[in-house]
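Chemist: Input: one structure, supplied below.
Taken together, the values in this text are just the output of simple stated rules run on the coordinates, not laboratory data. These numbers come from a predicted model, not from an experiment. Here the Cβ positions follow ideal geometry from the backbone for every residue, glycine too, while neighbour counts run over all protein chains shown.
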Amino acid sequence: MTQLLAGAATPDRDGAAACGSETLASATASLNSWIEVDLDALAHNAGALRSFVSPSELIAVVKANAYGAGIRGVAPALENAGVDRFAVVWVQEAVELRALGVSRPILVLGHANESDIPVVLQYDITLTCDTLALGRKLAADAFAAGKRAKVHIHVDTGLHRDGLTPDAAIRLAQALRDLPGLDVEGLSTHMANADEADDSFSGEQEAAFAAVCDALPWIRYRHAANSATALRRPGARLTGVRVGLALHGVQPDFTPEAGLRPVLQLKSHLIRIVDVAPGEGASYGLTWRAGRPSRLGLVPVGYADGWRRGLGNTGHVLVRGIPCPMVGRVCMDQFLVDVTDVQGAATGDEAVLIGAQGAAEITAEAVARTAGTIPWDVLSSLQARLPRLFHRDGIVETRQ
Ligand SMILES: *Cc1c(COP(=O)(O)O)cnc(C)c1O
């Protein structure tokens, strides 16, 4: 018991406790709900994707708390697995990576402000530069500090979300080229139809991007592909590919099988079993009614944890290896599941929301389909309140 308490103890300074040889079973025994992240599967996926896209580099996209898996465990594991670079969206996410000991280049994909420049220089962060003013200020401050800051320029080739038109990108690159203190290292673009059945528009975007690259032959690093494009369009891999979702073992639709393994599981313990008579209802609005004498298990996960409210009365979770229907509305912190058909179901049983149990499995893709959304959304919605346990072979290495 002492050991169990020690295992569940407060994190150390970094918030990531070293857990020695604690097993997942003992680490989770006293948790209501948790996320298990398989670092071996993550390393396997990084290796498989590196070989798949070689000789292009693998840029690991770890924005949004590493797609909900937990940046504290994911970033160091990916660095050890040999990914070439990291990418995030906001400067603060890049600073967090450095604090976790990441030493590889880190690219910020999103908009940065002049007020970000001090930490950008301090932590050697590569910005995506979208204005002349930002580039000039960064160059001047870097020069004054005896440094040379790297920037990439993002080209809008048809997504019309961010970046500069091809002409504006060429003008900005040329204006920044000779500033001391600045190294215009990269050019990027992003596909609109990467995971659509018909991704032929990517061909048009590739051509538009190639024209910009040809006009700026002195910019050495070019990148255009996310997971889907990296897997299905070899011609778009260029210098590096920006892969997020596939690292987690989830392949976008219409991509060739890459032998990836699922990384994340979301689990819970049934904290109560309630018996309901025929005709009685359950959860807010009593939208579900028992058609027979029913046993309902209470799962302590709710929409505040990122578990979609739209899964109420439609989703399933696994209990004792059996898919059990979610009944009634999902509440902020909990929901109910019908365990009437599960022999011996009891308080304390493990419920699997995403992952495998016995021969049954519920994937993030399946949850996304049921919830009417996409796996990126399901994973990145998982909130900080859920404890993350990073393990290899069932032995816990770190927590978040
Ligand atoms: C999130 C993101 C990626 C990664 O996309 P996946 O489909 O998860 O691989 C790549 N590039 C940009 C610009 C992104 O915002």
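Chemist: Residues to consider are LYS137, LYS150; find the one that is touching a strand residue (DSSP E or B) at 6+ places or on another chain (Cβ under 6 Å) and more than 16 Å from the ligand (Cβ to nearest atom).
Modeler: LYS150
Chemist: How many residues, within region 288-343, are aromatic (Phe, Trp, Tyr), closer than 20 Å to VAL378 by Cβ and touching a Gly at 6+ places or on another chain (Cβ under 8 Å)?
Modeler: So the answer is 1.
Chemist: For the condition free of Cβ contacts under 8 Å to residues at least 40 places away in the same chain and either β-branched (Val, Ile, Thr) or not in a strand (DSSP E or B) (or both), what is the one hit in ARG385, ARG369?
Modeler: None of the others qualify; the one that does is ARG369.
Results for (1) closer than 18 Å to VAL155 by Cβ; (2) more than 12 Å from the ligand (Cβ to nearest atom), shown as yes or no for each residue.
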site: GLY203; (1), (2): yes, yes
site: TRP218; (1), (2): yes, yes
site: HIS223; (1), (2): yes, no
site: SER227; (1), (2): no, no
site: GLY244; (1), (2): no, no
site: LEU266; (1), (2): no, yes
site: ILE271; (1), (2): no, yes
site: VAL274; (1), (2): no, yes
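Chemist: Mind checking whether some residue in region 180-199 is more than 16 Å from the ligand (Cβ to nearest atom) and in a helix (DSSP H, G or I)?
Modeler: Checking region 180-199: not a single residue is more than 16 Å from the ligand (Cβ to nearest atom) and in a helix (DSSP H, G or I).
Chemist: Would you say GLN122 is within 22 Å of the chain's Cα centre (by Cα), farther than 16 Å from THR189 by Cα, without any contact (Cβ under 8 Å) to a residue 24 or more places away in the chain and more than 15 Å from the ligand (Cβ to nearest atom)?
Modeler: No, not satisfied.
Chemist: Can you confirm whether ARG220 is without any contact (Cβ under 8 Å) to a residue 40 or more places away in the chain and farther than 15 Å from PHE254 by Cβ?
Modeler: Against the criterion (without any contact (Cβ under 8 Å) to a residue 40 or more places away in the chain and farther than 15 Å from PHE254 by Cβ), ARG220 qualifies.
Chemist: Restricting attention to region 56-103, which residues are assigned to a loop (DSSP other than H, G, I, E, B) and at positive phi?
Modeler: Answer for region 56-103, where residues must be assigned to a loop (DSSP other than H, G, I, E, B) and at positive phi: GLY68, GLY70, GLY82, GLY101.
Chemist: Do any residues in region 91-117 that are surrounded by fewer than 20 Cβ atoms within 10 Å (Cβ to Cβ) have Cβ atoms under 8 Å from those of residues that are β-branched (Val, Ile, Thr) and in a loop (DSSP other than H, G, I, E, B), where the two are at least six apart or on different chains, and which pairs are they?
Modeler: Within 8 Å, the pairs are ARG104/VAL83; GLY110/VAL89.
Chemist: Look at region 53-70 and say how many of its residues are over 9 Å from the mean Cα position of the chain (by Cα) and more than 13 Å from the ligand (Cβ to nearest atom).
Modeler: Of the residues in region 53-70, 4 are over 9 Å from the mean Cα position of the chain (by Cα) and more than 13 Å from the ligand (Cβ to nearest atom).
Chemist: Specify the residue that is farthest from VAL337 (Cα to Cα); the eligible residues are those in region 291-304 that are buried (at least 17 other Cβ atoms within 10 Å of the Cβ) and free of Cβ contacts under 8 Å to residues at least 40 places away in the same chain.
Modeler: Residue satisfying both the conditions and the ranking: TYR303.
Chemist: Could you tell me which numbered condition TRP307 fails, if it satisfies all but one of (1) surrounded by 15 or more Cβ atoms within 10 Å (Cβ to Cβ); (2) assigned to a strand (DSSP E or B)?
Modeler: Only one criterion is unmet by TRP307, namely (2).
Chemist: Which count do you get for residues in region 233-253 that are farther than 30 Å from TYR303 by Cα and either outside any helix (DSSP H, G or I) or in contact with a strand residue (DSSP E or B) (Cβ under 9 Å, 6 or more places away or on another chain) (or both)?
Modeler: Residues flagged as farther than 30 Å from TYR303 by Cα and either outside any helix (DSSP H, G or I) or in contact with a strand residue (DSSP E or B) (Cβ under 9 Å, 6 or more places away or on another chain) (or both) within region 233-253 amount to 7.
Chemist: Ok, one more. Can you find a residue in region 47-55 that is touching a strand residue (DSSP E or B) at 6+ places or on another chain (Cβ under 8 Å), in a helix (DSSP H, G or I), within 24 Å of VAL396 (Cβ to Cβ) and in contact (Cβ under 8 Å) with a residue 24 or more places away in the chain?
Modeler: Within region 47-55 (the criterion being touching a strand residue (DSSP E or B) at 6+ places or on another chain (Cβ under 8 Å), in a helix (DSSP H, G or I), within 24 Å of VAL396 (Cβ to Cβ) and in contact (Cβ under 8 Å) with a residue 24 or more places away in the chain), the answer is no, since none of the residues qualifies.
Chemist: So which of GLY158, GLY181 ends up being more than 23 Å from the chain's Cα centre (by Cα), small (Gly, Ala, Ser) and under 23 Å from GLY244 (Cβ atoms)?
Modeler: Step by step, each of GLY158, GLY181 is checked, and only GLY158 is more than 23 Å from the chain's Cα centre (by Cα), small (Gly, Ala, Ser) and under 23 Å from GLY244 (Cβ atoms).
Chemist: Moving to a separate point now. Determine which member of the set ALA258, ALA228, ALA173 is within 28 Å of VAL62 (Cβ to Cβ), in contact (Cβ under 8 Å) with a residue 40 or more places away in the chain and under 24 Å from the mean Cα position of the chain (by Cα).
Modeler: Result: ALA258 is the single residue among ALA258, ALA228, ALA173 that is within 28 Å of VAL62 (Cβ to Cβ), in contact (Cβ under 8 Å) with a residue 40 or more places away in the chain and under 24 Å from the mean Cα position of the chain (by Cα).
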